[in-house]
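Here's the structure, in structure tokens; my notes come after.
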Amino acid sequence: MAVVFLFVFSVAVQAQDSPKQEDLSQAIPVDEVVVIDSTAGDYVRGALRTNLLYDAALIPNLGIEVPLSSHLSAGIDAFYTWFSSDHRHRYWQSYGAYMTFRYYFKPWTLADRQATMFTGHHLGIYGLCLTYDVEWGGRGYQASKFGFGGGVEYGYSMPVSRCLLLDFSLGIGFQDGEYKEYLPTDDYTGHYVWQATKKRHWFGPTKAEVSLKWQIGKGKKVKKGVGR
């Protein structure tokens with residue numbers, strides 16, 4: 001009888017000294033970790049754009065603009081057209097590119113990056129290079145070598161939908177280059193009569209833009225969570 005009592009007493013003591021299951025779980029430390037929220041929304045990484053004024057003048061063009069900071073962006077635009085008609089002496093040929101850095105007065109926040117960026121007033125500087133061959137009034141003007149220039153611009157960009165913006169800007173600067181004047185002929189040889197080689201030193205408006213911009217890019221936000 002004493003042996004049975006001692007056995008029951010020892011089992012009771014061991015059960016009392018053993019920690020409960022919930023106590024063990026509370027004793028395990030929980031560390032804060034960084035996890036990826038797979039349900040997070042998209043945010044803007046950049047914008048494709050086309051200058052509607054160039055499009056209206058039958059000069060196809062395409063550009064891209066990307067953010068550098070909460071105020072700054074960089075963009076490059078290229079254009080190309082090569083229309084001609086020897087029979088009627090109509091030439092409309094040009095190609096070149098702009099490189100632009102812009103400062104937006106309104107900084108974009110995380111909420112802007114999830115919706116619409118590149119909005120409001122902005123100032124910028126730009127450089128350009130181009131060549132052309134155009135003809136009107138019975139006389140042609142051909143820049144067989146690239147001309148270069150640059151200037152400063154001011155503009156305003158406004159959203160027209162969640163992904164589309166309309167940007168207005170005007171640039172004033174300089175453009176240098178060499179071009180040839182020629183007289184078109186009707187001999188169908190393709191060799192027109194050269195008249196003179198001149199230098200172009202232009203200061204004034206060198207850039208006009210009414211651009212439609214489409215914001216692009218996807219990403220996932222990083223947030224803090226808990227894990228074991």
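The single condition from (1) at pLDDT below 95; (2) on the phi < 0 side of the Ramachandran plot that Gly137 fails is (2). For region 54-98, the tally of residues that are outside any loop (DSSP other than H, G, I, E, B) and among the aliphatic types (A, V, I, L, M) stands at 9.
Every test in (1) among the small types (Gly, Ala, Ser); (2) touching a Lys or Arg at 6+ places or on another chain (Cβ under 7 Å); (3) at pLDDT below 90 is passed by Ser85 save one, and that test is (2). Checked against the criterion of being among the small types (Gly, Ala, Ser) and either part of a loop (DSSP other than H, G, I, E, B) or surrounded by fewer than 18 Cβ atoms within 10 Å (Cβ to Cβ) (or both), region 46-53 contains not a single residue that satisfies it. Across region 99-122, the qualifying residues are those that are part of a loop (DSSP other than H, G, I, E, B) and among the aliphatic types (A, V, I, L, M), and the one among them that is surrounded by the fewest Cβ atoms within 10 Å (Cβ to Cβ) is Ala115. Filtering region 42-69 to residues that are touching a residue at least 40 places away in the same chain (Cβ under 8 Å) and of a type in the set (Phe, Trp, Tyr) leaves only Tyr43. Annotation for region 134-149: no member residue is touching a residue at least 40 places away in the same chain (Cβ under 8 Å), under 23 Å from the mean Cα position of the chain (by Cα), surrounded by 15 or more Cβ atoms within 10 Å (Cβ to Cβ) and within 16 Å of Lys213 (Cβ to Cβ).
The values are calculated or read from the model by the stated rules, or taken from the named source; none is laboratory data. Because the structure is predicted, anything quoted here is derived from the model rather than measured. Cβ coordinates were reconstructed from backbone atoms using ideal geometry, including for glycine residues, and neighbour counts include every protein chain displayed.
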